[in-house]
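**Student:** Please see the structure below; I have some questions.
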Amino acid sequence: MRLGINIDHIAVLKAARKVGDPDILPALHIAALSSADQITIHLREDRRHITDYDARRVVKYSPLPVNLECAFEVLDIVCELRPHRATLVPERREEVTTEGGLDVETHFQRVKGAVERLKEKEIAVSLFIEPRKAAADLALRAGADMVELHTGRFANLYAALRTNISHAPYMPVEFAAYSRESLANEIAAEIAKIRKTAVFAAEEGLKVAAGHGLNYQNVSEILQIAEIEELNIGQSIIARSIWIGFEEAVREMARLVKG
């Protein structure tokens, strides 16, 4: 299992004061020395965290392959930078982070065109999708090399059942009225969807990754799905690094992911 480290939240901290600190480059080399396999960044249309300047530096200086998450609106700079991989994601400016997978059915021709354009620059292409066989099939038809399954709903369900989030102001409204038994059943159903989609995608020749909301507590559930070969994890690692340092936070997650 490969581990991609999403360093966007370092960029969020840097953007908070706009003084150039912390510099994002040391994270690349610490991640590489701490058993990570990939660096992931998300270049948003409004550049709310990582900027073009830092994206260029990451692609140029990273000792690890770079997975650049992007919406259609930033394809020009992605084609210019030519990262190892581009992951096409949906984007709404009002959301805190990417909520939900790409609607490949509605935007199929646009997705297909973006995939073709990226591949002309020899950039591998992944689509960030909901864990549904239909979405994986459309990704295959669009010419993608890989799909990344959105694990956000699973992560929210897990938190609602197994953490104290229900006593905090962050409880997902969708699950507020669920009983504990209902939450457990929903988790099982969501994992089954993720597994079913991963199996289908792998059998059709797509590489399979997963990400969104994964952390030190819930990642073990996803690790049991053999067809998933890569996880992209960010916020929980950056948050843990406050207490134990970035190097150890990455190593800790790498030990979980790699067994």
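The values are calculated or read from the model by the stated rules, or taken from the named source; none is laboratory data. None of these values were measured; they are calculated from a predicted model. Counting neighbours? That spans all protein chains shown, and the Cβs are built from the backbone with ideal geometry, glycine included.
**Student:** Which one of these does ALA124 not meet: (1) crowded, with 20+ Cβ neighbours inside 10 Å; (2) closer than 18 Å to ILE228 by Cβ; (3) touching a Lys or Arg at 6+ places or on another chain (Cβ under 6 Å)?
**Tutor:** For ALA124, the exception is condition (1).
**Student:** Taking segment 46-60 on its own, how many of its residues are over 17 Å from ALA86 (Cα atoms), surrounded by fewer than 18 Cβ atoms within 10 Å (Cβ to Cβ) and not acidic (Asp, Glu)?
**Tutor:** 2
**Student:** Condition first: within 18 Å of VAL208 (Cα to Cα), modelled with pLDDT of 95 or more and loosely packed, with under 14 Cβ neighbours inside 10 Å. Can you find one or more residues in segment 132-140 that meet it?
**Tutor:** First, the residues of segment 132-140 that are within 18 Å of VAL208 (Cα to Cα): 132-140.
From what's left, modelled with pLDDT of 95 or more: 132-140.
Right, trim to loosely packed, with under 14 Cβ neighbours inside 10 Å and you get 134.
The answer is yes, given that some residue of segment 132-140 is within 18 Å of VAL208 (Cα to Cα), modelled with pLDDT of 95 or more and loosely packed, with under 14 Cβ neighbours inside 10 Å.
Residues checked against (1) in contact with a Pro (Cβ under 9 Å, 6 or more places away or on another chain); (2) buried (at least 19 other Cβ atoms within 10 Å of the Cβ); (3) among the polar types (S, T, N, Q); (4) closer than 16 Å to ARG162 by Cβ:
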| residue | (1), (2), (3), (4) |
| --- | --- |
| ALA198 | yes, yes, no, no |
| ALA210 | yes, yes, no, no |
| SER220 | no, no, yes, yes |
| ALA226 | no, no, no, no |
| GLU248 | no, no, no, no |
| GLY259 | no, no, no, no |
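**Student:** Can you tell me which residue among HIS29, HIS84, HIS49, HIS9 is in contact with a strand residue (DSSP E or B) (Cβ under 8 Å, 6 or more places away or on another chain) and closer than 21 Å to ILE237 by Cα? Write out each step before concluding.
**Tutor:** Values: HIS29 fails: in contact with a strand residue (DSSP E or B) (Cβ under 8 Å, 6 or more places away or on another chain); HIS84 fails: closer than 21 Å to ILE237 by Cα; HIS9 fails: in contact with a strand residue (DSSP E or B) (Cβ under 8 Å, 6 or more places away or on another chain).
Testing whether each residue is in contact with a strand residue (DSSP E or B) (Cβ under 8 Å, 6 or more places away or on another chain) and closer than 21 Å to ILE237 by Cα leaves just HIS49.
**Student:** Being among the charged types (D, E, K, R) and within 19 Å of GLU122 (Cα to Cα) is the filter here; which residues of segment 37-72 pass it? Break it down into steps so the answer makes sense when it comes.
**Tutor:** Initial filter on segment 37-72 (among the charged types (D, E, K, R)): 37, 44-48, 52, 54, 56-57, 60, 69.
Once the filter is applied, which keeps residues that are among the charged types (D, E, K, R) and within 19 Å of GLU122 (Cα to Cα), segment 37-72 yields ARG56, LYS60, GLU69.
**Student:** Return the residues of segment 48-62 that are of a type outside the set (Asp, Glu) and within 13 Å of ALA15 (Cα to Cα); say none if nothing qualifies. Before you say what the answer is, go through the steps one by one.
**Tutor:** Within segment 48-62, the subset of a type outside the set (Asp, Glu) is 48-51, 53, 55-62.
The answer is ARG48, HIS49, ILE50, THR51, TYR53.
**Student:** For segment 170-181, what are the residues that are in contact with a Leu (Cβ under 7 Å, 6 or more places away or on another chain) and either assigned to a loop (DSSP other than H, G, I, E, B) or within 30 Å of LEU88 (Cα to Cα) (or both)? Give the steps one after another, and end with the answer.
**Tutor:** Quick first cut of segment 170-181, residues in contact with a Leu (Cβ under 7 Å, 6 or more places away or on another chain) only: 175, 180.
Within segment 170-181, PHE175 is the sole residue that qualifies.
**Student:** Also, quick follow-up: Could you run through segment 209-243 and say how many residues are in a helix (DSSP H, G or I) and either of a type in the set (S, T, N, Q) or within 14 Å of LEU149 (Cβ to Cβ) (or both)? Lay out the reasoning, then the answer.
**Tutor:** Just the residues of segment 209-243 that are in a helix (DSSP H, G or I), to begin with: 219-223, 235-243.
Adding the requirement that they be either of a type in the set (S, T, N, Q) or within 14 Å of LEU149 (Cβ to Cβ) (or both) leaves 219-223, 235-236, 241.
The qualifying residues number 8.
**Student:** Here's another thing I want to ask about it. Looking only at residues that are among the aliphatic types (A, V, I, L, M) and under 18 Å from ILE77 (Cβ atoms) in segment 103-118, which one is surrounded by the fewest Cβ atoms within 10 Å (Cβ to Cβ)? Walk me through it before giving the result.
**Tutor:** Filtering segment 103-118 down to residues among the aliphatic types (A, V, I, L, M) leaves 104, 111, 114-115, 118.
Still in the running and under 18 Å from ILE77 (Cβ atoms): 114-115, 118.
Working: ALA114: 24, VAL115: 21, LEU118: 25.
Residue satisfying both the conditions and the ranking: VAL115.
**Student:** Out of the residues in segment 26-40 that are over 18 Å from PHE128 (Cα atoms), surrounded by 15 or more Cβ atoms within 10 Å (Cβ to Cβ) and among the aliphatic types (A, V, I, L, M), which is farthest from the chain's Cα centre (by Cα)?
**Tutor:** Going through the qualifying residues, I end up with ILE30.
**Student:** Which one of LEU68, LEU43 is in contact with a Cys (Cβ under 7 Å, 6 or more places away or on another chain) and surrounded by 23 or more Cβ atoms within 10 Å (Cβ to Cβ)? Before the answer, list the steps.
**Tutor:** Values: LEU68 fails: in contact with a Cys (Cβ under 7 Å, 6 or more places away or on another chain).
Among LEU68, LEU43, only LEU43 is in contact with a Cys (Cβ under 7 Å, 6 or more places away or on another chain) and surrounded by 23 or more Cβ atoms within 10 Å (Cβ to Cβ).
**Student:** If you don't mind, another one. What is the one condition in (1) over 19 Å from ASN218 (Cβ atoms); (2) in a strand (DSSP E or B) that LEU149 does not satisfy?
**Tutor:** For LEU149, the failing item is (1).
**Student:** Next up: Need pairs with beta-carbon distance below 6 Å; first residue farther than 21 Å from GLY211 by Cβ and within segment 67-85, second crowded, with 19+ Cβ neighbours inside 10 Å and among the basic types (Lys, Arg); sequence gap 6+ or separate chains.
**Tutor:** none
**Student:** Something else: Here's a check for you: in segment 152-169, which residue that is among the hydrophobic types (A, V, I, L, M, F, W, C) and either within 22 Å of the chain's Cα centre (by Cα) or part of a helix (DSSP H, G or I) (or both) is modelled with the lowest pLDDT?
**Tutor:** Taking segment 152-169 as the starting set, the residues that turn out to be among the hydrophobic types (A, V, I, L, M, F, W, C) are 154-155, 157, 159-161, 165, 168.
Applying the additional criterion that residues be either within 22 Å of the chain's Cα centre (by Cα) or part of a helix (DSSP H, G or I) (or both) yields 154-155, 157, 159-161, 165.
Numbers: PHE154: 97, ALA155: 96, LEU157: 95, ALA159: 93, ALA160: 92, LEU161: 92, ILE165: 82.
Result: ILE165.
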